[in-house]
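S.K.: Below is one structure. I have some questions about it.
Only the coordinates and a few stated rules stand behind these numbers; no lab work does. Only a predicted model underlies this, so the values are computations on that prediction, with no experimental measurement involved. Methodologically, a virtual Cβ is constructed for each residue, glycine included, from the backbone with ideal geometry; neighbour enumeration extends over all protein chains shown.
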Amino acid sequence: MNKFLLFFAIFIAQCVSAQVTISGNRLVKDGQEYKFSKYKEVFTNPEAKTAFSKARTNSTVGQIFAYAGGFGIGFGLIPALQGNKTETRSGVVYKNDAGSAWTVVGIGAGLVAIGIPFAIASNKNAQKALTLENGGETAFQPYFKLETAGNGMALSYNF
């Protein structure tokens, strides 16, 4: 009985240490941390490599949209909050219109909103890669999808 318990404890310890996990912005395998760019050294499963590559691509695209949107929000927010003003410089009257600044804020918010689905897809693909690498089961997950076809709508069952 003691040999069985010892074997079981060593087996569990080995399984836990051989797992690939994400800690912050690093991959951890066998107690060693790797940058995301070194994912090809960490993952041995080709499907996991492909899924993590998609995750990195989605993350990059999402970050580009998020940073551009954040810049637009920050750039347009101060003039928008200042409101409509008129200034006279050297005898010339300048009119500051807050409407265009609110447009920039709206475009920035739209860019941030576009980046959110990419971030969600990135997380899904990273979790899928970890599941594939660690030997998790890929369950059968059928789903319904509402589609438009020509001038009508269709409900499809995908599996």
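S.K.: Do any GluC sites (Glu not before Pro) in segment 62-159 lie in a DSSP loop with no more than 14 other beta carbon atoms within 10 Å, and if so, which?
M.R.: When the GluC sites (Glu not before Pro) of segment 62-159 are filtered for loop state and at most 14 Cβ neighbours within 10 Å, GLU137 remain.
S.K.: Just need the Rg to Rh number for segment 45-158, please, alpha carbons only, Kirkwood Rh.
M.R.: 1.27
S.K.: Which order do LYS145, LYS29 fall in if you start with the one that has the fewest other Cβ atoms within 10 Å?
M.R.: Fewest-to-most Cβ neighbours within 10 Å comes out as LYS145, LYS29.
S.K.: DSSP loop (so not H, G, I, E, B), at most 10 other Cβ within 10 Å: list which chymotrypsin sites (Phe, Trp or Tyr not before Pro) in segment 59-150 pass both filters.
M.R.: Within segment 59-150, the qualifying chymotrypsin sites (Phe, Trp or Tyr not before Pro) (loop, at most 10 other Cβ atoms within 10 Å) are PHE140.
S.K.: Length gain on complete extension for the stretch ALA98 to SER156, per 0.36 nm per residue less the alpha carbon to alpha carbon distance?
M.R.: My answer for the length gained is 16.2 nm.
S.K.: Just to check I understand the Karplus step: with θ = phi - 60° and J = 6.51 cos²θ - 1.76 cosθ + 1.60, what whole-Hz values come out for segment 63-75, glycine and proline as x?
M.R.: So the J values, rounded to whole Hz, are 5, 4, 5, 5, 5, 5, x, x, 5, x, 5, x, 5.
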